[in-house]
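Here the structure is laid out as structure tokens; the discussion comes afterwards.
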Amino acid sequence: MSDDSFDCVIIGAGMSGLAAGIRLAMYNNKVCILESHSIEGGLNSYYQRKGFKLDVGLHALTNFAPKGNKKGPLGKLLKQLRIPYDLFHLKQQIQSRVAFADCSLKFTNELDILISEVEENFPSEKENFLRLVKHIQDFNELDYDNKYISAKEVVSNFIKDPLLNEMIFCPVLIYGSAWENDMDFSQFVIMFKSIFLEGFSRPQGGVRTILNLLLERFKELGGEIRFRSAVEEIKVEGNKAIGVILKSGHFIRTNKILSSAGLVETQSLLGRENNPEHVGKMAFTESIVLLDKKPCEFGVEDTIIFYNQGTKYNYSCPSTLYDKSSAVLCLSNNFLEDDEQQGIYRVTNMANFEMWNQLERAHYREEKNKVLLNAKDTIKRFIPLFEGKELLNDVFTPKTVKRFTRHENGCVYGSPVKIKNGKTDIDNLFLCGTDQGFLGVVGAMLSGISMANLHVLMGGR
Amino acid sequence: MQTSEVREKIADIISDIALDEDLAGLDDSQSLRDQLDLDSMDFLDIVMELKKRHKIEVPQEDYPQLATMNSCVEYLTPKFMQ
Ligand SMILES: Cc1cc2nc3c(=O)[nH]c(=O)nc-3n(C[C@H](O)[C@H](O)[C@H](O)COP(=O)(O)OP(=O)(O)OC[C@H]3O[C@@H](n4cnc5c(N)ncnc54)[C@H](O)[C@@H]3O)c2cc1C
């Protein structure tokens with residue numbers, strides 16, 4: 001057998017793996033990305049239904065920054081990947097809101113709007129909110145040495161009104177927490193900045209625009225990518241990984257491995273037993289509905305609505321197939337200057353992986369349909385005009401996520417244990433992506449970049 | 001090699017890294033970090049590009065020598081001549 005060998009192998013062609021691959025290929029490493037699926041993107045991939053192009057996940061790109069701002073995560077990653085700002089073709093959100101039973105807080109990419117909404121609805125909390133924002137702005141969430149601190153505890157030192165507290169946590173938890181009903185304060189800061197201080201935008205053309213740029217850049221730099229190439233085992237000698245074995249049995253030799261498969265998933269590739277506490281619990285169903293008109297033609301100005309029925313927001317794995325009491329309603333092409341032909345909305349509900357996994361086929365389909373009906377009901381509360389305008393529906397469940405990305409439990413935000421420095425107990429095997437602790441599309445790319453820099457380009461210095 | 005050529009080679013590298021930045025108004029005696037919003041990731045890239053394009057190694061303890069354009073030229077000119 002001819003020797004198939006690389007300086008570095010990357011497991012997974014999601015956002016983090018592609019970004020890491022670009023950095024390594026840029027500096028003359030012979031690098032190969034191995035992806036089990038037939039296309040790139042991972043948790044944020046794309047597909048077609050009846051001739052319509054759909055994104056798997058993308059609600060919005062967080063961390064919006066205007067052109068010229070180099071300091072934030074978006075500016076940093078564009079620079080590191082040598083992608084000119086304009087090629088992302090970012091369109092900003094119109095407005096979003098956190099909508100609880102008796103209270104609604106609007107926010108845009110201008111923090112002042114949120115501040116005035118807090119002032120209007122919670123007059124006595126305005127100063128506290130400003131102090132919280134200041135604390136967040138001054139916090140270094142990127143320090144690899146930060147230890148777990150409960151975000152709920154920190155925030156309750158600032159915000160006294162329980163309802164405001166719940167409302168602040170709602171978008172932050174559901175857009176990025178691997179923990180139930182709380183999260184690590186560093187992660188909270190990352191998410192708070194990315195949602196409330198920086199904000200939402202959408203690349204024109206959706207996630208394909210970003211993926212095409214990444215893939216093109218990677219190939220142009222001489223990187224190799226292999227699809228339908230699932231890694232089954234990481235082969236170790238002593239404390240060192242010597243290569244990977246694919247499902248086909250093929251062996252690939254390598255000096256270093258970056259794995260974006262996830263913490264427990266990577267442990268499994270080493271043939272190890274999983275610690276059940278390391279497996280995340282947060283999974284979701286998502287209903288996707290295509291409309292014959294764009295939301296702006298209905299006069300709708302919302303981009304994303306974080307909906308919750310009660311006054312307490314329960315972010316945890318439900319004991320039912322899915323949780324109807326809250327949802328994210330996303331009009332994922334209702335951004336400023338959008339150029340889409342159709343409208344689209346997405347409704348995301350928390351869901352229970354185990355329960356979905358146990359359903360047999362016919363039943364599974366039936367339950368998916370109920371999720372869709374509930375999604376339509378939920379959107380009707382806010383935007384009744386969409387009824388009867390549907391062109392196409394689709395629903396995915398935690399089982400779908402598991403099938404296409406191999407994440408245990410179909411978890412979107414990975415393990416509650418984050419390995420911030422990316423190190424494992426194998427000398428030359430490192431984690432990148434969700435379980436390194438940066439998440440979302442922008443976070444995952446930044447994670448790939450920083451792990452490639454630290455462990456390969458700088459040799460772990 | 002002339003110092004002006006060295007300056008040009010460094011400017012080439014910086015303009016590839018700071019993609020959307022205009023280098024025309026750069027003050028050679030002032031900090032690159034402040035003028036161009038460069039961070040430690042960018043300095044890593046300057047070092048990596050020097051190695052890739054010109055086979056020049058900059059040990060980590062010498063990174064402070066790259067603070068301004070003038071100090072870059074002064075520090076790197078002998079290395080370009082080797
Ligand atoms: C429904 C949904 C909506 C979302 N919405 C947003 C949003 O609006 N904005 C946002 O910023 N983020 C969003 N996210 C989150 C975002 O998609 C992720 O945080 C990000 O894509 C994670 O990237 P990653 O590279 O860490 O992991 P992944 O994308 O999971 O990449 C890992 C890759 O590794 C591959 N792989 C795994 N195991 C193996 C193996 N053994 N061999 C070979 N390949 C393997 C997988 O197939 C996958 O492609 C959403 C996610 C979902 C599911």
inquiry  = For a quick check of your reading of the model, give me the residue pairs whose first member lies in the range A:412-425 and is touching a residue at least 24 places away in the same chain (Cβ under 8 Å), whose second is more than 14 Å from the ligand (Cβ to nearest atom) and among the hydrophobic types (A, V, I, L, M, F, W, C), with beta-carbon atoms closer than 9 Å and at least 6 apart or on different chains.
reply    = A:TYR413/A:TRP179; A:SER415/A:VAL279; A:PRO416/A:TRP179; A:PRO416/A:MET183; A:PRO416/A:VAL279; A:LYS420/A:LEU142; A:ASN421/A:LEU454; A:GLY422/A:LEU454
ask   = Which members of the range A:384-399 meet the condition of being under 27 Å from the mean Cα position of the chain (by Cα) and free of Cβ contacts under 8 Å to residues at least 60 places away in the same chain?
value = A:LYS399
Members of the range A:424-445 found to be among the polar types (S, T, N, Q) and outside any helix (DSSP H, G or I), listed by number = A:THR424, A:ASN428
key: Filter result for the condition that a residue is assigned to a helix (DSSP H, G or I) and within 14 Å of another protein chain (Cβ to nearest Cβ), over B:ARG53, B:ARG7   = B:ARG53
note = The residue that is farthest from the other protein chains (Cβ to nearest Cβ), considering only those in the range A:29-41 that are charged (D, E, K, R) and within 11 Å of the ligand (Cβ to nearest atom), is A:GLU35
query = Can A:PRO416 be described as surrounded by fewer than 24 Cβ atoms within 10 Å (Cβ to Cβ), away from the ligand (no atom under 12 Å from the Cβ) and within 24 Å of A:LYS147 (Cβ to Cβ)?
reply = yes
message = Filter the range A:1-12 down to the residues that are more than 15 Å from the ligand (Cβ to nearest atom) and modelled with pLDDT of 95 or more and list them by number.
response = A:SER5, A:ASP7
request  = Specify which of the listed residues (A:MET15, A:MET26) is within 14 Å of another protein chain (Cβ to nearest Cβ) and either under 27 Å from B:LYS55 (Cα atoms) or within 16 Å of the ligand (Cβ to nearest atom) (or both).
outcome  = A:MET26
query = Do we have A:GLN204 as surrounded by 21 or more Cβ atoms within 10 Å (Cβ to Cβ) and within 26 Å of A:ALA327 (Cα to Cα) here?
reply = no
query = Pick from A:GLY443, A:GLY433: which is touching a residue at least 40 places away in the same chain (Cβ under 8 Å), within 15 Å of the ligand (Cβ to nearest atom) and on the phi > 0 side of the Ramachandran plot?
reply = A:GLY433
ask   = Yes or no: A:ASN374 within 14 Å of chain B (Cβ to nearest Cβ), surrounded by fewer than 22 Cβ atoms within 10 Å (Cβ to Cβ), more than 9 Å from the ligand (Cβ to nearest atom) and at pLDDT 95 or above?
value = no
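The values are calculated or read from the model by the stated rules, or taken from the named source; none is laboratory data. Just so we're clear, the structure is a prediction, and the values are computed from it rather than from any experiment. Quick reminder, even Gly has a Cβ in these numbers, built from the backbone with ideal geometry, and neighbours come from all protein chains shown.
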